[in-house]
Amino acid sequence: MGASVTALVFNILMSFVVYMICRLVYLLENHAYFVEGLSFSAMSDLIKGGFIFDRSAVFYTHSLYILLMLLPYWAKETPLYHRFCKWLYVVVNGLAVVINMADAVYFPYTLRRTTTTVFSEFGNENNLSGIFFTEFVRHWYLVLIAVVLIKALCLLYVKPRLSRDDIRTKNLKIRYFLVYMLCLLLAVPVSIGACRGGLGSGIRPITVNNANQYVTRPIEAALVLNTPFALIRTFGKSVFRVPDFFGDETSAARVFSPVFRPQKVGELKKKNVVVIIVESFGKEYIGALNRDKTDGVYKSYTPFVDRLVANSLTFRYSFSNGKKSIDGMPSVLCGIPMFIEPFVLTPASMNLYTGLPGLLGKTGWHTAFFHGANRGSMGFLAFANKIGFKHYYGRQDYAADKRFGGDADFDGNWGIWDEPFLQYMCAKIDEMPQPFMTSVFTVSSHHPFHIPDRYKKTYPEEELEIHKCIRYTDMALSKFFAKARTKPWFRNTVFVLTADHTNMSNHAGYKSDIGQFNVPLIIYDPSGEIKPGISNTIAQQIDIVPTMLGLVNYPYPFLTFGKNLLEVKPDDAYAVNYINGMYQYVKHGLVLQFDGNKTRGVYAIGDREMKTNLVGKRQEQAGMEKELKAIIWQYMFRMVNDRLMP
């Protein structure tokens, strides 16, 4: 009589096995990111936590299947009905397999499980089919594993051996109804508990952040989670919530305020500002910024940028505020870091806010944004308009300019190759009145890591496939600056060079939780007003806006979460970022990791692989935690209440 119940239990257990296999594949595909400190004890905790999140995902995705299998109506016991149930089961689990496998490939670019914001992030791209096909071919073994798992689901699926012909008498029908009604009633609280993560009165429904209680490093949260759960739990959710760290804005502002009010206002300096955001240009690739490293031999892939560093103000400890391109734009150009999710992909994107171009534009600067991709790619056109850029130049604009090569210079994936597009940018700047503020977001050092055919012998494959792209983009930057030096506006221009985020790594120090945020921050002033040198002041992307505004003596209040690097005292400088539910706060030579409730780790900034946890052992911990709470509170309060303007 309980044939469907027995089959249901077996099939659900089989789903758990499939999820665990997918987790193992995820680990093996990205083993370089997880191998450090992954002991037997740590793996046991990961598996324990993984079961809780798998349980939630399995019961979320199988709710209809469970209902159909336990429906207390005897007439459902037919081959056709159970054939439908089988294919519902196979499709649901097959999708879970495919999603998990695909996310294993995407992980190196985000260092976390994919959430629903990915649909907004790539919603405007029309080249994804080519990218998917490339990855499909390159990761054929994952495709094979997925096919084998789905085939196994089909072959091992258990169908109930009961038919409605076996239930002929009234007593059997009544018994059938009672048995299945009882099982269905029991399944309801079991399913709710599984989806929530428990049924205790003090238990809140688990979210992606709960994965951190099972890990020692935030990046390992990706192993505890599964992608179906991450997608389900972030679908239609309100991302930002004001924590109860402070009672009101006044008490939080006593510790930290993002409203910057210039104290010493002199005559407005009408200097030009050019902000260069280089795709995936991690600090690891720049030889001049790794000469003091002791954790391996560092090879330089950037001969031009090495020379630029020698003539620029650079920072020994400089960090990105996010891990994706769409995180970099608000950080670099608005002074707003990424916490939890890119705010431009949430309802907070409708808030009133501006950025460096909007502030300078209202004071007389001519502003323009350059991105060699199609208009609308990554949502950059909309964002550029939002923050005050008056002009936008992309692939279509480049193609329309007869001085250049048009679509023959399209890389076939993302946009115009960096070398010609940076020359185009230089030509367009030459047409602008001074002062101007421009920014460019390069595209060539991006997956799938191609370079123009004519350079393949010049820049052959090296240790990592991105290395040849870094060399190519470095050459493109060299030619841009060579051209710019011939222009009358060059000496009146300050150039800021940074990256949107890091990428592939082959050094352990750059694979740690904080190392994965190491990007260059280079300020080059041909006039010599900003003195060259390597500073020990902690720097981050969100410092660019207040630094440039301070440089030109911007006289009005503005909102920024960063500091003016030309004026800040070293002890007051800090950096902040967010990874897998963990906030990281860098200050006083330490890296503090805070999960939103308590400090989980404190590491010396010189402990590049983050091997020695000093939590509870440094007197700076309490003050750093209080400051970080104030930053988080201000961020959440202003996002939720539309307070991103001073």
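The values are calculated or read from the model by the stated rules, or taken from the named source; none is laboratory data. The model shown is predicted, which means the values in this text are computed figures rather than measured ones. Positions of Cβ are generated from backbone atoms using ideal geometry, with glycine treated the same way; all protein chains shown enter the neighbour counts. Heavy atoms of the whole protein, side chains included, go into the accessibility calculation; ligands, DNA and RNA do not. Shrake-Rupley method; radii C 1.70, N 1.55, O 1.52, S 1.80 Å.
Points to keep in mind about this one:
- Helices (runs of 4 or more DSSP H) enclosed by the stretch 1-104 - at least 1 residues per element that are closer than 30 Å to Tyr510 by Cα: 3-29, 31-34, 40-61
- Failed criterion for Ser527 (all others in (1) on the phi < 0 side of the Ramachandran plot; (2) outside any strand (DSSP E or B); (3) open to solvent by less than 20 Å² (accessible area, probe 1.4 Å) hold): (3)
- Lone qualifier among Met504, Met475 - being of a type in the set (A, V, I, L, M) and part of a loop (DSSP other than H, G, I, E, B): Met504
- Residue match in the stretch 273-285 (condition: over 24 Å from the mean Cα position of the chain (by Cα) and modelled with pLDDT of 95 or more): yes
- Within the stretch 486-505, being open to solvent by 30 Å² or more (accessible area, probe 1.4 Å), over 24 Å from Ser331 (Cα atoms) and touching a residue at least 24 places away in the same chain (Cβ under 8 Å) holds for Lys487, Arg491, Asn492.
- For the stretch 449-477, the candidate set comprises residues that are within 15 Å of Ile416 (Cα to Cα) and open to solvent by less than 10 Å² (accessible area, probe 1.4 Å); within that set, the residue that is modelled with the lowest pLDDT is Phe449.
- Test: residue in the stretch 223-235 that is of a type in the set (Ser, Thr, Tyr), at pLDDT below 80, farther than 17 Å from Leu8 by Cβ and open to solvent by 80 Å² or more (accessible area, probe 1.4 Å): no
- Scanning the stretch 619-642 for residues being buried (at least 22 other Cβ atoms within 10 Å of the Cβ) and not in a helix (DSSP H, G or I) gives a total of 0.
- Counted residues, the stretch 254-279 - those being part of a loop (DSSP other than H, G, I, E, B) and either of a type outside the set (Lys, Arg) or open to solvent by 20 Å² or more (accessible area, probe 1.4 Å) (or both): 16
- Flag if Ala57 is touching a Phe, Trp or Tyr at 6+ places or on another chain (Cβ under 6 Å) and of a type in the set (Gly, Ala, Ser): yes
- Residues in the stretch 239-253 that are in contact (Cβ under 8 Å) with a residue 24 or more places away in the chain, outside any helix (DSSP H, G or I) and either farther than 19 Å from Thr114 by Cβ or open to solvent by less than 30 Å² (accessible area, probe 1.4 Å) (or both): Phe240, Arg241, Val242, Pro243, Phe245, Phe246.
- Residue check for Pro218: surrounded by fewer than 17 Cβ atoms within 10 Å (Cβ to Cβ) and touching a Gly at 6+ places or on another chain (Cβ under 8 Å): no
- Of residues in the stretch 1-24 being β-branched (Val, Ile, Thr) and open to solvent by less than 20 Å² (accessible area, probe 1.4 Å), the one nearest to Ala75 (Cα to Cα): Ile12
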